[in-house]
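The values are calculated or read from the model by the stated rules, or taken from the named source; none is laboratory data. Every value quoted in this text rests on a predicted model; they were computed, and no experiment measured them. Cβ sites come from the backbone with ideal geometry, for glycine too, and all protein chains shown count toward neighbours.
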Amino acid sequence: MTQRKFSITVLAFLMSAALTLPTASAAKNDAPPTQKVTVKTIGSVSCAANTIEKNADGSLKKCVLTENKTVPVADISCLSGGPIVLDAQGNVTQCTLAVDRNYPDPMGVVCDDGKTIALHPNGTPSLCTLAVEKKAPLLGVACAVNSVAEFYPDGALKQCVSTVEKKVAAAATKEVYITEFTCDKNKPIGFYPDGNVSSCTPVDSVFMRGKGTALGGEPVALHPDGKVKECTYTTPLYQNRSCKVEARASFHPNGNFDTCTLPDDKHVGKAVCKADAPVSYYPDGHVASCTLAAPAEKAPGNVIPAGTVVKFDTKQAIQ
């Protein structure tokens, strides 16, 4: 091949390649458009402008962060791209944790990054997701990894999902005797500040002497003295017409019914309360509110239609 032929062949090849390769300008035009985020800084918080919510006074209430935000009082960093919530005083109350936060004993937890953390005004977490299991031997529980735990302002455990069962002693109060029961594992369990159980799911039914039974396998809430505060009510030990069985019911601190579902129509003063509808009681057992099963006269010429929720005074007159 002559030198001239060779030069012509190479030139043709280069021209062909140039036609098949995209230019820098073409490549730029083919790239997906980059969405521009408008950043607005309010105080010391950098927010995506279209996510900002404000309080009535114009202060920041909520937004999505465009850069990490340090919270000195809590010694944490909130993650860019995650939501941040502030109270009326400008304190951060909730955000997404940018880096794991290790809280030493007595709190003894590690809050997981990339998950929501909520804060008390003093900076102590009120809620976070556990990066490692938290053992609480004084409470007799172990909180599951990757579960959400709640805490009091002093760092004491308020609620978590326990990986072990927890026995609750019998409550021999003057009004009601509550039998000993066991809180189920892998279910939420709550505590009062003094360490007494406030809520859990019993493995078996809980007997409330003189009142009935709290159904096992259903969540139960307790008063500070151990009496049942709320449960799925079942199997009364005596003939009860105040509350429907196999339904949720709550109790006053003295052990009497507070709220539940009425099992039958019930005459209250000049009114008739409707069955299978919510009813509430005063601590002394008188009806406090219900849904009318039929029209009721509150005063001459003032008739309240059926289906209306009404309140009663302690003398059982419609308020």
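State the number of residues belonging to segment 99-140 that are over 22 Å from the mean Cα position of the chain (by Cα), of a type outside the set (Asp, Glu), in a loop (DSSP other than H, G, I, E, B) and over 25 Å from residue 184 (Cβ atoms).
Counting residues in segment 99-140 that are over 22 Å from the mean Cα position of the chain (by Cα), of a type outside the set (Asp, Glu), in a loop (DSSP other than H, G, I, E, B) and over 25 Å from residue 184 (Cβ atoms) gives 3.
Evaluate segment 147-156: report whether one residue or more is in the same structural domain as residue 106 (by TED's automatic domain parsing) and surrounded by fewer than 16 Cβ atoms within 10 Å (Cβ to Cβ).
If we filter segment 147-156 for residues that are in the same structural domain as residue 106 (by TED's automatic domain parsing), which is where we start, we get none.
No; the residues of segment 147-156 include none that is in the same structural domain as residue 106 (by TED's automatic domain parsing) and surrounded by fewer than 16 Cβ atoms within 10 Å (Cβ to Cβ).
Does residue 313 meet the test of being over 23 Å from residue 232 (Cα atoms), acidic (Asp, Glu) and out of contact with any Cys (no Cβ under 8 Å at 6 or more places or on another chain)? Let's see the steps before the verdict.
Values: over 23 Å from residue 232 (Cα atoms): yes; acidic (Asp, Glu): yes; out of contact with any Cys (no Cβ under 8 Å at 6 or more places or on another chain): yes.
Taking the combined requirement at face value, the residue satisfies it.
Suppose the filter is assigned to a strand (DSSP E or B), aliphatic (A, V, I, L, M), surrounded by 13 or more Cβ atoms within 10 Å (Cβ to Cβ) and on the phi < 0 side of the Ramachandran plot; does residue 288 pass it?
Yes: the conditions hold for residue 288.
Tell me which of these residue 162 doesn't satisfy, since it passes every other one: (1) surrounded by fewer than 17 Cβ atoms within 10 Å (Cβ to Cβ); (2) more than 28 Å from residue 68 (Cβ to Cβ).
Condition (1) is where residue 162 drops out.
Going through segment 152-177 one residue at a time, which ones are under 28 Å from the mean Cα position of the chain (by Cα) and either part of a loop (DSSP other than H, G, I, E, B) or β-branched (Val, Ile, Thr) (or both)?
Answer for segment 152-177, where residues must be under 28 Å from the mean Cα position of the chain (by Cα) and either part of a loop (DSSP other than H, G, I, E, B) or β-branched (Val, Ile, Thr) (or both): 152, 153, 154, 155, 156, 161, 163, 164, 165, 168, 169.
Is at least one residue of segment 203-215 closer than 16 Å to residue 170 by Cα, out of contact with any Cys (no Cβ under 7 Å at 6 or more places or on another chain), at pLDDT below 95 and surrounded by fewer than 17 Cβ atoms within 10 Å (Cβ to Cβ)?
Checking segment 203-215: at least one residue is closer than 16 Å to residue 170 by Cα, out of contact with any Cys (no Cβ under 7 Å at 6 or more places or on another chain), at pLDDT below 95 and surrounded by fewer than 17 Cβ atoms within 10 Å (Cβ to Cβ).
Okay, residues lined up against (1) surrounded by 15 or more Cβ atoms within 10 Å (Cβ to Cβ); (2) within 40 Å of the chain's Cα centre (by Cα); (3) modelled with pLDDT of 95 or more; (4) closer than 23 Å to residue 116 by Cα:
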| position | (1), (2), (3), (4) |
| --- | --- |
| 6 | no, no, no, no |
| 21 | no, no, no, no |
| 51 | yes, yes, yes, yes |
| 56 | no, yes, no, no |
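State whether one or more residues within segment 118-138 are under 25 Å from residue 183 (Cα atoms) and of a type in the set (Lys, Arg).
At the first step, the residues of segment 118-138 found to be under 25 Å from residue 183 (Cα atoms) are 126-138.
From what's left, of a type in the set (Lys, Arg): 134-135.
Yes, some residue in segment 118-138 is under 25 Å from residue 183 (Cα atoms) and of a type in the set (Lys, Arg).
Tell me, which strands (runs of 3 or more DSSP E) wholly within segment 182-227 include 3 or more residues that are out of contact with any Lys or Arg (no Cβ under 9 Å at 6 or more places or on another chain), among the β-branched types (Val, Ile, Thr) and over 21 Å from residue 243 (Cα atoms)? Write out each step before concluding.
On the way: elements: 187-191, 197-200, 206-209, 212-214, 220-222.
Once the strands (runs of 3 or more DSSP E) in segment 182-227 are filtered for at least 3 residues that are out of contact with any Lys or Arg (no Cβ under 9 Å at 6 or more places or on another chain), among the β-branched types (Val, Ile, Thr) and over 21 Å from residue 243 (Cα atoms), nothing remains.
Here are some conditions: (1) part of a loop (DSSP other than H, G, I, E, B); (2) at pLDDT below 95; (3) under 26 Å from the mean Cα position of the chain (by Cα). Residue 233 meets all but one. Which one does it not meet?
Only one criterion in (1) part of a loop (DSSP other than H, G, I, E, B); (2) at pLDDT below 95; (3) under 26 Å from the mean Cα position of the chain (by Cα) is unmet by residue 233, namely (1).
Which residue out of 276, 265, 313, 258 is closer than 24 Å to residue 246 by Cβ, over 33 Å from the mean Cα position of the chain (by Cα) and either at pLDDT 95 or above or not acidic (Asp, Glu) (or both)? Don't jump to the end; show me each part of the working.
Working: 276 fails: over 33 Å from the mean Cα position of the chain (by Cα); 313 fails: closer than 24 Å to residue 246 by Cβ; 258 fails: over 33 Å from the mean Cα position of the chain (by Cα).
None of the other options fit; the residue is 265.
Checking the conditions here, which among 306, 275 is over 29 Å from residue 201 (Cα atoms), small (Gly, Ala, Ser) and assigned to a loop (DSSP other than H, G, I, E, B)? Walk me through how you get there before you give the answer.
Values: 275 fails: over 29 Å from residue 201 (Cα atoms).
Within the list 306, 275, the selection yields 306.
So the check is Cβ under 6 Å with 6+ separation or different chains; which pairs have a first residue in segment 105-132 that's at negative phi and outside the structural domain of residue 188 (by TED's automatic domain parsing) and a second one that's surrounded by fewer than 19 Cβ atoms within 10 Å (Cβ to Cβ) and basic (Lys, Arg)?
So the pair list comes out as 129/115.
Take the conditions assigned to a strand (DSSP E or B), free of Cβ contacts under 8 Å to residues at least 40 places away in the same chain and buried (at least 17 other Cβ atoms within 10 Å of the Cβ) and apply them to residue 96. Does it pass?
Working: assigned to a strand (DSSP E or B): yes; free of Cβ contacts under 8 Å to residues at least 40 places away in the same chain: yes; buried (at least 17 other Cβ atoms within 10 Å of the Cβ): yes.
The answer is yes for residue 96.
Which pairs have Cβ atoms under 7 Å, sit 6 or more apart or on different chains, and link a residue in segment 307-319 that is more than 13 Å from residue 267 (Cα to Cα) to one that is among the polar types (S, T, N, Q) and in a loop (DSSP other than H, G, I, E, B)?
Every condition considered, the pairs that remain are 311/319; 313/319.
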